[in-house]
Amino acid sequence: MQNQHIVCPSCGHKNSAPLAKNRCASCGARVEALADAIATEPDTRFQQDGFNTLWLGIAFVVTAVLTAAIVMGLPMVIRAFDFEGSAGMVIAIPVWFVAGLLVGLISPGKTFLEPVIATFLVAIPTVFFLVRSQTVKTMPVFMYILMAALGILFSLIGSYAGERIQMGPATKPRD
């Protein structure tokens, strides 16, 4: 007798039948409910399931650590790097993209808002720090705010890309 595999519509993991409590062994999503939702409304595949405060906290820690390490910590270790003022904001944007990408890759289910809100919470002190630390490479405060908004947008793009990579290609519905 051949083992029957049930593919999770959320993460694509091949689960062995029978499922424990109808949940995926990899991500914990309810397999039957997701399969029914995807079968009835295929457009909802890329929509967020719900807001998870745990993943908001994880996204905040990932974003804050990456920002502190690269934008603020790296110039302390390597003196040739000088990320003061506008250069710090130019570096923060790809850092926030990578943070959104990482959270999108590792989070179960669909989490698009959590990295964006975490980036917003990290962007506020980052902007204050970079405005205060500018000496030579100066720019107006509203430009810092615009660049922070651009970084938040790139965080959304990164989290979406991470979720798309995690979900893999769309599965065709069975006839």
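Taken together, the values in this text are just the output of simple stated rules run on the coordinates, not laboratory data. All of these numbers come straight from a predicted model, not from anything done at the bench. Glycine gets a Cβ as well: all are built from the backbone with ideal geometry, and neighbour counts include every protein chain shown.
Tabulated results
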{"quantity": "For segment 89-96, Karplus couplings with θ = phi - 60° (6.51, -1.76, 1.60), whole Hz, Gly/Pro x", "calculated": "5, 5, 7, 5, 4, x, 5, 5"}
{"quantity": "Gain upon complete extension [Ile117, Ser86; 0.36 nm per residue less C-alpha separation]", "calculated": "8.9 nm"}
{"quantity": "Computed E for Met76/His13 - FRET, C-beta separation, R0 41 angstrom, nearest 0.05", "calculated": "0.45"}
{"quantity": "Label point distance in nm, Ala20-Met143, each placed 7 Å from Cα along Cα→Cβ", "calculated": "5.6 nm"}
{"quantity": "Gain on full stretching of the segment that runs from Ala161 to Ile93 - 0.36 nm per residue minus C-alpha separation", "calculated": "22.9 nm"}
